[in-house]
1. Label residue 298 and residue 97 with points 7 Å out from Cα along Cα→Cβ: what is the distance between them in nm?
2. Between beta-carbons, use under 9 Å as the cut-off and find the net charge around residue 156, counting Lys and Arg +1, Asp and Glu -1.
3. Once label points are set 7 Å from the Cα along Cα→Cβ at both residue 222 and residue 49, what is their separation, rounded to one decimal in nm?
4. Calculate, in nm to one decimal, what residue 182 and residue 253 gain on full extension: separation in residues at 0.36 nm each, minus their alpha carbon distance.
5. Under a crude label model (7 Å from the Cα following the beta-carbon direction), how far is residue 131 from residue 206 in nanometres?
6. If the cut-off is 17 Å between C-alpha atoms, which lysines fall inside it for residue 102, apart from same-chain ones fewer than 8 positions away?
7. Grab the Cα-Cα distance for residue 150 and residue 68, subtract it from 0.36 nm times how many residues apart they are, and report the gain in nm with one decimal.
8. Provide the net charge surrounding residue 54, with neighbours chosen by a C-beta distance below 13 Å and charges set as Lys +1, Arg +1, Asp -1, Glu -1.
Amino acid sequence: MSPMPADRPPGVSRRAMLAGLAAALTAGCGKLAFMAANVSTVFGAYRRHADVAYGSHPRQRLDVYVPDAAAAATGMAAATGGSRPMVVFWHGGRWSFGDKAKYRFVGASLAELGYVAVLPNYRLYPEVKLAGFMEDAAHAGRWAAGHAAQYGADTDRLYLMGHSAGAHLAALVALDARYFAAAGGAPPRIAGVIGLSGPYDFLPLNEADVQDMFGPPQNYPQSQPINFVRPDAPPMLLIHGSKDETVAPKNSVNLAASLRAVGVPVTLKLYPKLLHADTVAAISLPARGRAPTLGDVAAFVRQPRSS
C-alpha cells in the first residue's frame, strides 16, 4: 500500500514541520516521539505491504517496504533475481514490548536508500522466552531470504539489523547457527549484521524478568551473542551511543573486539553524548542531524562483500 497523505495547517512549510518534529523527538522514545518520527514518512516514495504472515501466530507478521522504482518493476525483478539489498529490522523493547508499526520511519528511511526493508514482529516475553523469540527471528530471516526476489531484492545481499533487543536478535541468530538450522533447510547467506545499541555481552543478569526469560542460570551463556563469535561470521556494523545507560556501550566494544580477534570485518561507531534511543531515532527524517546512523548504514552496505 502507498503512504497516506498527511494533513498539515495551511502555510506551514515542510521545513518548519520537520523542525517541530525534531523538537518533539528530543523528548524521548515515548508515544510523542514515535508519532513525530512517523509523521515524516508521508514524504517517502515507497510501497508498504503490511502484516504479511511468516507464521501462524498473530505476532508472526511483518511489513515489507519497497522503493517505488523497485515496486513498479517487481515482476521483472522476480525473474532476474533483483539487485537491491534487503534489510530485516527487528524492533527493541526488552524482548517484552514493542511493535513494528512504531518503526515505520525505519522502513521508509531504508526504502529511501533503495533497499527493500522487512520489519517483523515477534512473540514476546512472558508468552515466550529466549527459544521463542529466537525461533521467530530465524523464521523471519528465512522468509526474507526466500521472498527477496519477489520484492526486487538480491538474495545475496541480505542484511540483519535491529535496535536494542532487536539488535540482540539480529546478532544471535546470525552467530548461533542452531536457530537457522532448527528452522529447516540451508541457512540464508547473510551479507552483514547491523546492530544499534545492542546487548551482546550483558552478564551477569540482575533483573528478575531477564533472569526468567534467559534462565535457568546454566543457560545464561546461551543468550550472549559474544559467546558465539566465529571466524566465518558475517561482517558487522555496531553503533552505540557513548552515554547509553540502558545498554552499556561495552556491549558493542567487546563484541567488536571479539570479532576482530578472529578476523571478522567489523565497524564500530560510538556516537558521543548519545543515549540509548538516539541511535535509532536518528534514522527518522526530522532527527537525522542528531547522528549519522543512516549514512553509516549506507556506507556499510556499499562495502564490497566476498562471494
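What follows draws every value from the coordinates through simple rules; no lab data is involved. Everything numeric here is computed off the predicted structure, so don't read it as measured data. Here Cβ is always computed from backbone atoms with ideal geometry, including for glycine, and neighbour counts include all displayed protein chains.
1. In this crude label model, residue 298 to residue 97 measures out at 3.4 nm.
2. Details: positive: 157, 189, 305; negative: 154.
Every neighbour counted, the sum reads +2.
3. For the pair residue 222/residue 49, the computed spacing is 3.4 nm.
4. Between residue 182 and residue 253, full extension yields 22.6 nm more.
5. 3.0
6. 31
7. 28.1 nm
8. My count for the surroundings of residue 54 gives +1.
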